Amino acid sequence: MQLERARLLAKELQLAQSSVGDPVVFHGNSMLPFLQDGDALGVEPVAWKAIEIGDILTYRLEDKFPTLRVVRKTERKAVLIGDNWPKRRFEVWPENVLGKVMSRTRAGVTRTADSPRWRLYSRFVVLRYKLGSKLAIVKRKGLKPYLHAVVNPRREEPYQHPPNIQVNVSAQCNLTCRMCPYLSVHQDSSHLRFMTRETLMRLVPLIKRIGAVHFSGSGEPLFNPQLFEFIALVRQAAPATTIDLTTNGTLLTEKRARQLIELGVSKVHVSFDGLPGTVEAIRLGIKGSQVIDNIRRLTELKTELKSRSPIVQINYMTGYGTYAELGEFVKLGCGIGVSEIQLLEMQPATASDAAENLFHGVEHDNGQALKTAIMLAQHAGMTLHLPRVTENACYYPYNPHIGEDGEVYPCCYLDYDGRQLYHEGQEVRLPSVSFGNITTHAFAQIWSSPAYAEFRRKNTKGDFNPHCRACYEVRRMTARRVETLLES
Amino acid sequence: MTYHINQAIVRWRIVDDEAVLINIENTFYYSLNKTGTLIWQLLLERPRPFAEIVGAVATRFRRTETEVSADVRQFLEQMGAENLLTMTGASAE
């Protein structure tokens, strides 16, 4: 056994016995005022079932041993907060818990967990947390969520226009990614390379109305020489618009990073899977370390220019063995200023793809890599988004994709030539579904067309056509795998 | 002589056929290899005399008792010196 690992295990053993042996010294300000830096704690092992709301737990997080208070608990997971960090949530699973804090000694005075004052204070903190949670929701969303069932019953068509649109501005790309469904588009010389200014202008009134747009591409958006002009146009027409950009990060020079900041782009999604050294085998042509440097420079510029935007999110595809590197990537991302990581399932196109799909073959892991990544992200203040799917419904059609040539597709799976999907032992060819072209018809007309409205209605009620069913089933399987891993 | 784990002061964890022990009195910690972990696991089941430990180790690693005896004795003496094991009864070897 490596010395470092033995040392950590020994530290855990000592910690869990601190109530009878040497006490553990608490460090930090997360639990002020109840626990102060320098307090001596007595920790005892505790069975999961015996843990109560309000208990203070010490748990393992790689080489660290955080100590926080339980505010929610299920059979398989607990949610903890720091008394001094009430807005942050930390999840912990049974196998990571080392023990419960049973005593605190400060300036020679010892308080124990069974004392009335300790219990009363614990109840106070939990109550404050619960009230704070409810108030935060009311503050963010108003009272509507609580009155929804009474004053706003579910309507047939919840949106008069899409809440967001994805605008593909470039079909040119410098990478050949193994899982890319657009390789044929990249190679098709008859396919329009870049969206034109004229096409984009037809979308500006809609963008102004909905207040959100996501620039992406079947290729790399930064290849479009007019991209920053597009962003500036949108920003000028609708100053409050949320503008997102997806990129592979290879062309994210310092100059372009500065432009993104100055134009007020809200979020940059960088597609990156695994650590440098691994990603090169997935996104052929990429130099992983260069992209990491580009991201780092972007976040440094944000600091220099005193800007909070753009937020940097990594779109992390967990196929091809990248799952095992998730924890290390979270740490790497923290170091370069990444705020969010979205785990993406790989939609397999072939049988071999399916064999390397999200989390496949990691049953022996019992979800530990994912749980560790979640805990690391939470402690770093980073958001880790997991693949989720709404039960028996698909809302993708409410986020239409606009192709470079102006075609309006309901989602990224039914665009261009369609897509191949491996499902239940068969390779299924998804068709291309377009409801119109904005260069010839107004978007409002396309959106309200009976065919598109019917398509949306059916998808949100689970009345899928066979192709949508196949796509939905693959995504649901992935989401279920995530849930299973977290429950194991 | 029968060997016992000194449960009053020793805590341990076994991970992947290797054990980490800690003396909670002096906080010294020890890492055992697979052979040491095997012996530790034998003693976890119940206190055992020297001969029984030697026999189990020899069987497990397909050696003769003569071949393993010296190493087992040295291991047990070291563990005893560190107060991780206690001995009872007269020596019968």
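No lab work stands behind these numbers, since they all come straight from the coordinates. No experiment lies behind these values; they were computed from the predicted model shown. Virtual Cβ from ideal backbone geometry, glycine too; neighbours counted across all protein chains shown.
Structure summary
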{"item": "Approximate shape of region A:220-274 as ellipsoid semi-axes (Cα gyration tensor, √5λ), whole Å, largest first", "result": "20, 12, 10"}
{"item": "Cα-only Debye scattering, region A:201-347: base-10 log of I(q)/I(0) at q = 0.19, 0.21 Å⁻¹", "result": "-1.14, -1.32"}
{"item": "Cβ neighbours within 10 Å from other chains - mean over A:63-70", "result": "0"}
{"item": "Environment charge of A:E356, counting only residues whose C-beta is closer than 13 Å and scoring Lys/Arg +1, Asp/Glu -1", "result": "-2"}
{"item": "Alpha carbon convex hull of region A:275-353, volume per residue in cubic angstrom", "result": "94"}
{"item": "Counting all C-alpha pairs of region A:1-63, share separated by more than 14 Å (%)", "result": "65"}
{"item": "20 Å Cα-Cα reach of A:K130 towards lysines, excluding residues that sit fewer than 8 places from it in its own chain", "result": "A:K73, A:K77, A:K87, A:K139, A:K141, A:K144"}
{"item": "Reachable aspartates and glutamates, given that their alpha-carbon falls under 16 Å from the alpha-carbon of A:K331 and they are not under 8 places away in the same chain", "result": "A:E62, A:D63, A:D273, A:D293, A:E340"}
{"item": "Prolate/oblate/rounded label for chain B (Cα gyration tensor, a/c 1.5)", "result": "oblate"}
{"item": "Ranked B:V54, A:V109, A:V79, A:V167, criterion: other C-beta atoms within 10 Å, fewest first", "result": "A:V109, A:V79, A:V167, B:V54"}
{"item": "Cα gyration tensor category, rounded, prolate or oblate, for region A:405-471 with a/c compared to 1.5", "result": "oblate"}
{"item": "Peptide B:7-13, shielding by other chains (average Cβ, 10 Å cutoff)", "result": "3"}
{"item": "With eigenvalues of the C-alpha gyration tensor scaled by 5 and rooted, chain A, Å", "result": "45, 25, 23"}
{"item": "Inter-site label distance for A:H27 and B:N6 at 7 Å from Cα along Cβ, in nm", "result": "2.9"}
{"item": "Cut-off under 5 Å, modelled amide H: who pairs with A:V43 long-range", "result": "A:S18, A:S19, A:V24, A:M102"}
{"item": "Residues of type lysines that A:K458 reaches as a straight line, Cα spacing below 20 Å, ignoring anything fewer than 8 places off in the same chain", "result": "none"}
{"item": "Inter-chain Cβ neighbour average for residues B:24-31, partner chain, 10 Å", "result": "5"}
{"item": "Cα centre as origin, Lys/Arg/Asp/Glu Cβ charges: region A:266-359 dipole, Debye", "result": "520"}
